[in-house]
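Enquirer: Here's a structure for you.
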Amino acid sequence: AQSVSQHNHHVILSEAASLELGCNYSYGGTVNLFWYVQYPGQHLQLLLKYFSGDPLVKGIKGFEAEFIKSKFSFNLRKPSVQWSDTAEYFCAVNGYSGGGADGLTFGKGTHLIIQP
Amino acid sequence: DTGVTQSPTHLIKTRGQQVTLRCSPISGHKSVSWYQQVLGQGPQFIFQYYEKEERGRGNFPDRFSARQFPNYSSELNVNALLLGDSALYLCASSPGLAGAETQYFGPGTRLLVL
């Protein structure tokens, strides 16, 4: 069974601060990794994804994430946050065995608040 | 370009009742997945349907069932509602089997069971 652990449930930062949200997963095989974001009053949106290739992936709005296979981690980073980044961030994994039928496993989420 | 749509947006039911939630995927997408999101938690996988067949099921009781229609829209049914079924129910679609592709989420249906 796959599982996802997000290290921080609540993070408060000031504008222009750097951000790193931790995510670790547990799965024995090939995985596809995702970060989704849920802005206040909006639905889940894809921020970025990793399927294969370059372990450093870039997403929308200046976000990036690095897949470190040896550490089973997929941490999300942004060098300088803005007030508009206030949202709930979810790390998710899909263990891909070829059947593709397991669905996404999500972490519990990190509630990020950016203070102006 | 229309995204994933869900109906209704909100629903109030009482314990023991049955509920049906509806989802229309993005045009051209053949896979629909359902998730339950309880307040303060990440979404939990319930079902995946692809080409009208169930292709995956999460750890939910048999009170939960779903189906997919020839136009790829889907319904989620929950029987004998419990207070603990109160949650945001999310539908997600992808072009093919969701294992290797990105899933796109709808706005959800918020269900309150009294």
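The values are calculated or read from the model by the stated rules, or taken from the named source; none is laboratory data. What you are looking at is a predicted structure, and each value in this text was computed from that prediction instead of being measured. Note: ideal-geometry Cβ built from the backbone for every residue, glycine included; neighbour counts use all protein chains shown. Side chains are part of the model used for accessible areas, which takes the heavy atoms of the whole protein and leaves out ligands, DNA and RNA. Shrake-Rupley method; radii C 1.70, N 1.55, O 1.52, S 1.80 Å.
Enquirer: From the list B:Arg15, B:Arg57, B:Arg22, B:Arg110, exactly one residue is basic (Lys, Arg) and free of Cβ contacts under 8 Å to residues at least 24 places away in the same chain. Which is it?
Expert: Answer to the check: B:Arg57.
Enquirer: While we're here: State the number of residues belonging to segment A:7-23 that are assigned to a strand (DSSP E or B) and either over 13 Å from A:Phe72 (Cβ atoms) or without any contact (Cβ under 8 Å) to a residue 40 or more places away in the chain (or both).
Expert: Number satisfying all stated conditions: 8.
Enquirer: So A:Gln42 ticks every box in (1) more than 14 Å from chain B (Cβ to nearest Cβ); (2) in a loop (DSSP other than H, G, I, E, B) but one. Which box is left unticked?
Expert: (1)
Enquirer: Considering each residue of segment B:71-99, count those that are surrounded by fewer than 16 Cβ atoms within 10 Å (Cβ to Cβ) and among the small types (Gly, Ala, Ser), and give that number.
Expert: Within segment B:71-99, residues that are surrounded by fewer than 16 Cβ atoms within 10 Å (Cβ to Cβ) and among the small types (Gly, Ala, Ser) number 3.
Enquirer: On to the next question. Of everything in segment B:38-70 that's open to solvent by 20 Å² or more (accessible area, probe 1.4 Å), polar (S, T, N, Q) and assigned to a strand (DSSP E or B), which residue is nearest to the other protein chains (Cβ to nearest Cβ)?
Expert: Only one residue fits best here, namely B:Gln44.
Enquirer: Filter segment A:12-71 down to residues that are surrounded by fewer than 16 Cβ atoms within 10 Å (Cβ to Cβ) and β-branched (Val, Ile, Thr) and give me whichever is nearest to A:Ala1 (Cα to Cα).
Expert: A:Thr30
Enquirer: For segment B:3-43, give me each residue that is of a type in the set (S, T, N, Q) and closer than 19 Å to B:Gly96 by Cβ.
Expert: Listed by number, the residues that qualify are B:Ser24, B:Ser27, B:Ser31, B:Ser33.
Enquirer: If you don't mind, another one. Quick check on this structure: which one of A:Lys58, A:Lys71 is more than 10 Å from the chain's Cα centre (by Cα) and farther than 29 Å from B:Thr5 by Cα?
Expert: So the residue among A:Lys58, A:Lys71 that is more than 10 Å from the chain's Cα centre (by Cα) and farther than 29 Å from B:Thr5 by Cα is A:Lys71.
Enquirer: Give the residues of segment B:36-49 that are in contact (Cβ under 8 Å) with a residue 40 or more places away in the chain and more than 13 Å from the chain's Cα centre (by Cα), sorted by residue number.
Expert: Within segment B:36-49, B:Val38, B:Leu39 meet the criteria.
Enquirer: How many residues are open to solvent by 60 Å² or more (accessible area, probe 1.4 Å), within 14 Å of another protein chain (Cβ to nearest Cβ) and touching a strand residue (DSSP E or B) at 6+ places or on another chain (Cβ under 7 Å) when one looks only at segment A:77-98?
Expert: Here the count works out to 1.
Here's the yes/no breakdown for (1) more than 11 Å from chain B (Cβ to nearest Cβ); (2) of a type outside the set (Phe, Trp, Tyr); (3) assigned to a strand (DSSP E or B):
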| position | (1), (2), (3) |
| --- | --- |
| A:Tyr25 | yes, no, yes |
| A:Leu33 | yes, yes, yes |
| A:Lys49 | no, yes, yes |
| A:Asn75 | yes, yes, yes |
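Enquirer: Please work out if B:Gly3 is out of contact with any Leu (no Cβ under 8 Å at 6 or more places or on another chain), open to solvent by less than 50 Å² (accessible area, probe 1.4 Å), without any contact (Cβ under 8 Å) to a residue 40 or more places away in the chain and closer than 29 Å to A:Leu112 by Cα.
Expert: So B:Gly3 fails the test.
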